[in-house]
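I have placed the structure first, in the form of structure tokens, so that the comments after it can refer back to it.
The values are calculated or read from the model by the stated rules, or taken from the named source; none is laboratory data. What you are looking at is a predicted structure, and each value in this text was computed from that prediction instead of being measured. Cβ atoms come from the backbone with ideal geometry, glycine included; neighbour counts cover every protein chain shown. The accessibility values were calculated without ligands, DNA or RNA, using every heavy atom of the protein model including side chains. Shrake-Rupley method; radii C 1.70, N 1.55, O 1.52, S 1.80 Å.
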Amino acid sequence: MSNKLAEVLEKIDEIVTEMNKFNFIARGPAPSIKRETHSLVIESEVIGRDGEKEKIVCEVMDPQRKRDNISVVAIVGMGGLGKTTLAQLVYNDERVKAHFELFMWVCVSSDFDTINISKSILELATNGGDVSTSNKEVLQSRLRRILDMKRYLLVLDDVWNEETDKWDELRTILFSGASLGSVIIVTTRSKRAASIMGTLPSHDLASLTDEDSWRLFERRAFGAEVKEPTDELRTIGKTIVCKCVGLPLALKAVAGTMRTKTEVSEWRAISKSNILDGLQSTGNVLPVLKLSYDNLPSHTKQCFAFCAIFPRDYVIERDALIQLWMANDFIPTAGSIENLEDKARYIFYELYWGSFFQDIKEEETYYGSKIKCKMHDLMHDLATQIAGNKCSNKLEVNTPRIIPKEVHHLSVHSERPLEINNVLKQFPTIRTYLVRHTYLDKKYCLYIPLKKSSSLLKSCSLRALQFRSECPPKELGYMKHIRYLDLFLGNFETLPETISTLYNLQTLILSHTNIRALPTKMRNMVNLRHLFLDNCANLKHMPIGLGQLKFLQTLTKYVVDSGRGVSIRELENLILCGHLSLSGLDNVKDLEDVVTMNLTAKINLSSLELEWGPTNKKRTTRNDEALLEALAPHNEIKYLAINGYSGSDFPKWMKETLIIRNLRRLRLQKCINCAELPPLWKLPLLENLYLDKLESLVHIVLRTRDQVVGSESKIIFPALKILKVRSLPNLESWHEELSNLIGFPKLDELVIYSCPKLLSVPVHAPILHKLDINKGDCFFSYRPTKVLALEFWKYFIALETLRIDHSDALVFWPVEEFRSLKYLKLLDIRSCRNFAGSLQVSSLPISCMEGSLPQLESLNINDCQELVEVHVCSMSLKYLSIAECPKISQEGLAELTNLTELRWLELNNCTKWSAWPKNMENLPSLKDLSIVKCPGIESFPKGLQNRIPFLQYLYIESCPALEKRCINGGDYWHLVSPIFDKRFAKIVEIRYISPIY
């Protein structure tokens, strides 16, 4: 007993120390319920910046800019003044969106590292392309090539660098690859940084006017749910506003504090604070933010200070943060512990309303939505100041001497293996250790060893651990205090059974691992609340007894395995939320188990996936139909996927649409016996529809009674933005012929893959911008259905991107089909084995082709073995790639004239070329040239020779005569030597980097 008492007293002393550290104020119980900036902004919430926004918009769109190589505009001002918000307003202006072709937003912060910035820009420019290399030369080469293709707007937010050399290094990359008229917007507190980087006069951002300051304060302090303020509160409020000297961050922080105060005495106390007076004299906003912090409840203070574990400029995911708070016992447990997440969410939004967090956004994912937010850099400074040595975040952990020995919470961002045991030894009081990798692809992840040291693990105080592992050791089971364990992306198939002894574990993340089976005794993990198994494709077996875990509320995947006694009935008493994937439904033996499970009652689910295994003789259509009928979700479900269903009809709850009326996304896959769809066209919120391998489907919309009664037009799929149909062998049309239908008014992207009987396209799709056709022969059918095929294309007038794959019916150059595509910018034709590209005999004269595809900028033709001609007359062409087309000769490109804008040219395996085409001698804008497997090209014509020294990139492979001329000592060496990036595969062994389309 004395030992236990000593432990309790020691714990109390520790709590008192923490209280003193965080300046806690006694309060009642809580209600029972890298600053990674980004380009998004809710313009209606921004006050007082219309004039500055308009001035910068006019400047970046000035016609003079189109004649300049690149312009740099700097927005300068003190912290908390709204520089990032102003940049967001400009970035999202509709006029700016129409003016530029490529948009990139990079938060730089204090670490002006050229490689990291280049990686970020490249990742954005290629829409998430591979940026795993840290080789400066490779990065710079790729960046030049990508940026060279577009007029871009780049925002470098929160720049602190005042070293000219560092900026010159990045500027060399950005300027040399820039299209005329490109603009960089820089936000910085430093006038010196602005003078170093800016090519135009900087914009010194002013404070808000008194009127705008009051409007902002009033909106935050007296929201719609707060009673109308009294005259006395208004008077005091205006005094407070004056002391905030027009700083938006200070105004929002103080207003968030006042929002919870209703007594006049409380308002007077804040208005008379010396801290606010200091803001007027020093301009230092941190004491004002600290004032807001001091007025937080003690547990909320702890939660905020913990956020110092994240690096500046970091995107924080709400639910993950809440789970880490809970793991560290930051959430009060007074009352029922079932609603801890509700209490934590209240704290999260309390911090948001106090402006400790900002820019909350909901991000849609495959498995539902995630709430994310950021911290202003000044708020991060405040959290770091308050946390002191208790929280630390480092880019590398291999320098432990700079990490305080008394650290409690540590996050490391590293690409190198890290030994957890060393961390536990050097930092004995550590409670949170998060190892975050830059790349989410397993092939780029290095795994972190955890040495077998039972005594060390038994004694450690670790509460939260995140790391990658190839083989989690059984010694993990010794970490009895652990509450949060994240093994995301681990390359392992099993977990040690000792994991089941982690009785205090609340969150276990196994997403994107190769795990096949879970530990058999997980029912003993009585405190488990969140089990993440999404994207675990190999998981085939579940442990018995998960239904006994009364606190379990997140279970992203459940595999029915009746042979092992794992019944779906296990889920009956679990109050699940978020995403749930039910797999192995073909193993359900008793329909009563599904009825008892009562999926409809699980009202906290937002995303549901239902999956059957392969068909077999024992499984009947009727069984599947009864089963799906019993799996009706509640009527607020937002995402639904059905895969492998063998019934011949969809259930009543889908046909009546009441239950699925709030669907945003729907995926139907391998429902091979369903000849009809439910009336999905009625769903008012459906934005994304994916249909795959519905082999019996004939029409997407069927004639129904309410469609034909009356003459009023009916809109089908009123909110649909993305439609993908794949492997529908019997699909004939989108809807039966009805004159009163108006369809697809918001459709932006259409993908059609292997639908051989399709005889129509979605009409009335006025904003369709992207079309992918794969094995879509009906689009190019010549006699007897040519007229029908031509009818398709008149509906694609707004099309900007067109990709055609594996179309055997594409033989001639589709002059008439393409005639209406006035806005097409990208054309990609691949693996069309009969495509010769020549003009059909009955086609109009070649002169009539002038103006065809007038805005085409990128043309890629790949693996078209019969191609002999290309007919494009666009003068705006910037990118041209002809690859794996062995029959085309230089004469086949005779129509490609006036290529004054061409910047990127790739020729690959054009073995029939015997010389460089005469019409392509003069390429005044060419910057990147790649010639592979074209042995007939032995020399460059004189006109092209004049351009060679000005190239940025030259790659030659398997062209012996040409390579010999270009290497050191060859005829062209004096032309080639000035090129920054030149590669000859025969001389230097390199990895060829394909272009990103």
Sparse-neighbourhood loop hits (chymotrypsin sites (Phe, Trp or Tyr not before Pro), region 624-665; DSSP loop; Cβ within 10 Å at most 14 others) -> none
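Strictly greater than 15 Å: what percent of every Cα pair in region 532-612 meets that?
Values: 1709 of 3240 pairs.
Cα-Cα pairs in region 532-612 separated by more than 15 Å: 53 percent.
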Let me test this: with uniform point scatterers at the alpha carbons of region 209-335, what is the Debye-based log₁₀ I(q)/I(0) at q = 0.16, 0.17, 0.21 1/Å? -0.88, -0.95, -1.18
Pop out the carbon and sulfur fraction of the accessible area of region 899-982 as a percent, whole number, probe 1.4 Å. 48
For Leu608, enumerate residues with amide H under 5 Å from its amide H, sequence gap 5+ or separate chain, H modeled in the peptide plane. Leu580, Tyr639, Leu640, Ala641
For Arg726, list long-range residues whose amide hydrogen, built 1.01 Å from N in the peptide plane, is under 5 Å from its own amide hydrogen. Leu691, Asp692, Lys693, Tyr753
For Ile185, enumerate residues with amide H under 5 Å from its amide H, sequence gap 5+ or separate chain, H modeled in the peptide plane. Val73, Leu154, Val155, Leu156
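Using a ≥ b ≥ c from the Cα gyration tensor of region 70-141 (square roots of the eigenvalues), is it rounded, prolate or oblate, where a/c under 1.5 gives rounded and otherwise the larger of a/b and b/c decides, a/b for prolate?
On the way: a/c = 2.44, a/b = 1.41, b/c = 1.73.
Because a/c hits 1.5 or more and a/b fails to exceed b/c, region 70-141 counts as oblate.
Where does each of 925-932, 466-473, 151-158 land if you order them by average Cβ count within 10 Å, highest first? List each step's numbers first, then the result.
Working: 925-932: 21.2, 466-473: 18.5, 151-158: 24.2.
Highest-to-lowest ranking by the protection proxy: 151-158, 925-932, 466-473.
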Which shape class applies to region 483-580: rounded if a/c is under 1.5, otherwise prolate when a/b exceeds b/c and oblate if not, where a ≥ b ≥ c are the square roots of the Cα gyration tensor eigenvalues? rounded
What ³J(HN,Hα) values, in whole Hz, does the Karplus curve 6.51 cos²θ - 1.76 cosθ + 1.60 give for region 108-117 when θ = phi - 60°, with x put for Gly and Pro? 8, 6, 6, 9, 8, 9, 4, 5, 5, 5
Sequence order, region 725-732: Karplus ³J(HN,Hα) from phi using 6.51 cos²θ - 1.76 cosθ + 1.60, θ = phi - 60°, Hz rounded, Gly and Pro as x, gives 10, 9, 6, 10, x, 10, 5, 10
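When all alpha-carbon pairs of region 899-944 are counted, what percent fall beyond 16 Å? If you can, show how the numbers build up before the last one.
Working: 387 of 1035 pairs.
The calculated P(r) of region 899-944 puts 37 percent of pairs beyond 16 Å.
Using the structure shown, list the pairs from Lys425/Lys521; Lys557/Lys602; Lys724/Lys770; Lys370/Lys721; Lys343/Lys394; Lys150/Lys927 with a Cα-Cα distance above 22 Å, or answer none. It would help to have the intermediate numbers written out before the result.
Numbers: Lys425/Lys521 31 Å; Lys557/Lys602 15 Å; Lys724/Lys770 11 Å; Lys370/Lys721 20 Å; Lys343/Lys394 30 Å; Lys150/Lys927 13 Å.
Too far apart for the 22 Å limit: Lys425/Lys521; Lys343/Lys394.
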Fraction of alpha-carbon pairs in region 99-169 farther than 19 Å apart, rounded to whole percent, equals 33
Placing unit charges on C-beta atoms (Lys and Arg positive, Asp and Glu negative, everything else neutral), compute the dipole magnitude of region 73-227 about its Cα centre in debye, rounded to 20. 260
Please report the orientation-averaged projected area of region 182-260, defined via the convex hull of its C-alpha atoms, in nm². 7.2
Radius of gyration and maximum dimension Dmax of region 216-263, Cα, Å: 9.9, 27
Given a 1.4 angstrom probe, what's the average accessible area per residue across region 68-134, in square angstrom? 31
Given the Cα atoms of region 457-532, and with Rh set as the inverse mean 1/r over their pairs in the Kirkwood sense, what is Rg to Rh to two decimals? 0.91
Karplus 3J(HN,Hα) series, Hz, for region 576-593 with 6.51 cos²θ - 1.76 cosθ + 1.60 (x for Gly, Pro): 8, 9, x, 9, 9, 10, 9, 10, x, 5, 5, 8, 5, 9, 10, 4, 4, 4
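With a 1.4 Å probe and all protein chains left in place, how much of the accessible area of region 480-558 comes from carbon and sulfur atoms, in whole percent?
Values: 1300 of 2670 Å².
Roughly 49 percent, rounded to a whole number.
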Once you have a ≥ b ≥ c as the square roots of the Cα gyration tensor eigenvalues for region 860-981, tell me rounded if a/c is under 1.5, and otherwise prolate or oblate according to whether a/b is larger than b/c. oblate
Region 104-260: radius of gyration and largest Cα-Cα distance (Dmax), Å: 21.4, 65
